[in-house]
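The values are calculated or read from the model by the stated rules, or taken from the named source; none is laboratory data. The structure displayed is predicted, hence computed values, not measured ones. Cβ placement follows ideal geometry from the backbone for every residue including glycine, while neighbour counts extend to all protein chains displayed. All accessible areas refer to the heavy atoms of the entire protein, side chains included, with ligands and DNA or RNA removed. Shrake-Rupley method; radii C 1.70, N 1.55, O 1.52, S 1.80 Å.
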Amino acid sequence: MTNTQPYISIRHLQKGYKIGGEAISIFDGLDLDIPNGDFVAIMGPSGSGKSTLLNMLAGIDRPDAGELRIGNSYLNQMGEGARASWRAHNMGIVFQFYNLLPMLNAAENVELPLLLKPLSAKDRRDRVRKVLDLVGLSGRERQYPSMMSGGQQQRVGIARAIVSDPGLLLCDEPTGDLDRKSADDVLQMLRFLNQELGKTIIMVTHDPEAAKYAKRVLHLDKGNFVEEKRAA
Amino acid sequence: MSNHIKQTFIMSRANLFSLPRRLAISTSMVLSVALVVAVLAGFLAMSKGFEQALEGAGSSDIAVVLGGGTNQEMGSDIPADAIRNLQAMSGDFGVTRDAAGSLIASREIIVTIGFTPEADTLPRTLALRGMDASGPLIRDGVTLSDGRLFRPSAREIVVGARIAADFPGFEIGETVRLGALDWTVVGHFASNGSAFESEIWADLETTRAAFDRQGQVQSLRLRLHDASSLSSLNVQLQNISQTRLLAVSEANLYAAQAGRTADIIQLFGWPLALLMAIGATAGALNTMMSSVADRTVEIATLRALGFSRLSACLATWFEAIALACIGAVLGILASWLGFNGWQASTVGANNASIGFQLSVTGDVMLNAGLLGLAIGALGGAIPAFAATRLPLTAALRASG
């Protein structure tokens, strides 16, 4: 890949489902480029394909046809095992409902992605401490998710997503379960990660206020980007 | 640690830590496995205890001569001329002789007698063995624990430890009615819990007279030089009587009896345990499917973070086996506490009661425990596979 290539390239992507024997097309020839270091908000009505696109970008789902490249990796050509390994090393996911493991404390939840890497226990502890400090949760390492507010849990979720220092961050409605104040804190955090640490962020959201934090907003409707505009 | 092992370890840890959420159904799986294991261990302990009682009674250095084409003492008949001919034979045919050059031998008969221990109790069948004075000496591992041996021509009996312990009225000096006559208890003997302890010994002639068995000999016990002498003895036996005579080692005689009864016990035990195991396996499958359903979000989240399908599969399987393992340990513990050393009795080859102790040995625990683990392994296999097929999109849509 040369520097002129976009970090994420989607070409002629097709994806559909069969529901009750009826084929439903979600994407039929979707094209999209996202440069390295971008912060993109994807908006659209329910059923427009936002989550489907995010799942394919995460390697959780596969396109039926077309090309999906992230960095040097062609996800459309990779098997399940290779995509799992790719996820472990190249991206972080922030979930709407945090998806923390309730039986693990904050530090242990954040440590999970590092367990897939050849790191010593000390290196893992140092990284976890550093990243929890970055998201403002220093001193709460031993707290369990049930002892935290929604905003704090989402910050643990963000810490888990960035602890292995991936280039790409995928966020699925990261503020969908938060009050306005907590949502703004989380969005500020994402903006910081994008602007200061250079993370490429793709965020699916229904919330226009959340979308304002992105550099670009893409509107999906019926499987196509029907509008693209710069956030104010 | 390889990556897959590390991932499996983390997933297993998450699974096991989430067990309190599924406490009721997980506990039911553990208990059903424990029940199967305990039932099987009980039957196997019974079988093992019976085997130990009979196998402990036999020595391979002692030959038991039987007549009439049977391989059991009951139904055997050895003609008097055959015994005379054998005793008259000179030369070494594998049987030990005393200082006077006579064969070390004991003629014996078994009489089964009904005995009612106490009023209002069911009658039991006991084995009274009439033997020559040398009889007790031709038994290895037998010790006179109390009193003395019977005297020739006297209506005296020496009682095995099991009978002395199980039935009242067999204290030394007491008189016991066996058949139509009274007998005096003069001694107790022990033989490390073997089947001998379920017998009553008396003088051969007195026994014959008391039960109208004059002249009868059912078996002839002979002390061999060693186990290999048995074939030499059998060659000699071909030539001394018209009646077909066969010498078997005492060890084989009792082992064959033990094997038949132990097989019957296991014939009931294994099918019952396996039927229960099928039910328990279905229960385990249900438990683990519930577990996978309960952990859908966690499994999908970890896989979305990069954990492999294999680790999801192995961790679920491990949980099933861990629960089965706990059940197996509980079952073994329960069977050991409940059954080990428990006194039981059954009817032996001579139609008399044989007492034995249930014995929860290492191989009993191993067999029952392996069945418990098999329940976990089989019951957990399909849910483990199901864990690998979870749609990961569930993780992204999951609510809290």
Loop-exposed trypsin sites (Lys or Arg not before Pro) per DSSP, neighbour cap 14 Cβ within 10 angstrom, longest uninterrupted part of chain B: B:1-147
How charged is the neighbourhood of A:ILE201? Take every other residue with its Cβ under 10 Å from the Cβ of A:ILE201, and add Lys/Arg as +1 and Asp/Glu as -1. +2
Most mobile listed residue (A:LEU101, A:LEU13, A:LEU112) in chain A, GNM with C-alpha springs under 10 Å: A:LEU101
I'd like the distance separating the alpha-carbon centroids of segment A:70-95 and segment B:212-239, in whole Å. 83
How would B:TRP336, A:TRP86, B:TRP317 rank on accessible area, largest to smallest, probe 1.4 Å? B:TRP336, B:TRP317, A:TRP86
Residues of segment B:1-45 losing 10 Å² or more of accessible surface, assembly versus chain alone, probe 1.4 Å, please list them. B:ASN3, B:LYS6, B:GLN7, B:ILE10, B:ARG13, B:ALA14, B:PHE17, B:ARG21
Kirkwood Rh, Cα atoms: Rg over Rh of segment B:62-256: 0.98
One finds, for B:GLU205 and B:SER134 with R0 = 22 angstrom and r their Cβ-Cβ distance, a FRET efficiency to the nearest 0.05 of 0.95
Distance histogram for the protein assembly as shown (every C-alpha pair counted, 20 angstrom bins, percent rounded to whole numbers): 16, 30, 17, 15, 16, 5, 0
Subtracting the Cα-Cα distance from 0.36 nm times the residue separation, let me have the gained length for A:ASP33 to A:ALA65 in nm, one decimal. 9.8 nm
Give the angle, between 0 and 90 degrees and rounded to the nearest 10, that separates the Cα long axis of helix A:80-90 from the longest principal axis of the Cα atoms of chain A. 60
Ignoring any ligand, DNA or RNA, what whole percent of the accessible area of segment B:87-209 comes from carbon and sulfur when the probe is 1.4 angstrom? 49
Residues of the protein assembly as shown: accessible area per residue at 1.4 Å, in Å²? 42
In a Gaussian network model of chain B with springs linking alpha carbons closer than 10 Å, the residue among B:SER194, B:SER106, B:SER153 that fluctuates most is B:SER153
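Quick one: putting +1 on the C-beta of Lys and Arg, -1 on the C-beta of Asp and Glu, what dipole do you get for the protein assembly as shown around its Cα centre, in Debye to the nearest 20?
The calculation lands at about 2480 debye.
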Using r as the Cβ-Cβ distance of B:ASP182 and B:GLN242, and R0 as 45 Å, what FRET efficiency do you calculate, to the nearest 0.05? 0.70
Cut-off 10 angstrom, C-alpha nodes, Gaussian network model of chain A. Which of A:LYS222, A:LYS181, A:LYS212 fluctuates the most? A:LYS181
If I require 15 Å or longer along the helix axis, counting alpha carbons, and a Kyte-Doolittle average no lower than 0.0, what helices from chain B are left? Use full DSSP H segments. B:23-55, B:250-294, B:309-339, B:362-388
Mind listing P(r) for segment A:44-191? All alpha-carbon pairs, 5 Å bins, whole percents. 2, 10, 18, 20, 19, 15, 10, 5, 1, 0
Please determine, in degrees from 0 to 90 and to the nearest 10, the orientation of helix A:180-195 with respect to the longest principal axis defined by the Cα atoms of chain A, where the helix direction is its Cα long axis. 80
Förster radius 22 Å - calculated FRET efficiency between B:GLU174 and B:SER153, Cβ distance, rounded to 0.05: 0.60
So, with points 7 Å from each Cα along the Cβ direction, the B:SER28-B:LEU333 label distance in nm works out to 2.3
Would you kindly find the accessible area of A:TYR17, with a 1.4 Å probe and non-protein molecules such as ligands, DNA and RNA excluded, rounding to the nearest 10 Å²? 80
From the phi angles alone, apply the Karplus equation (6.51, -1.76, 1.60; θ = phi - 60°) to segment B:108-115 and give each ³J(HN,Hα) in whole Hz, x where the residue is Gly or Pro. 9, 10, 10, 10, 8, 10, x, 9
Between A:TYR144 and B:ASP92, what is the spin-label point distance in nm, taking each point 7 Å from the Cα along the Cα→C-beta axis? 8.1
What total accessible area, in Å², is buried where chains A and B meet, using a 1.4 Å probe and rounding to the nearest 100? 2300
What number, rounded to the nearest 500 deg cm²/dmol, is the helix-based mean residue ellipticity at 222 nm of chain B, given -39500 (n - 2.57) per DSSP H run of at least four residues and division by all its residues? -16500 deg cm²/dmol
With labels modelled as points extended 7 Å from the Cα through the Cβ direction, what inter-label distance (nm, one decimal) is found for B:ASP263 paired with A:GLN195? 8.8
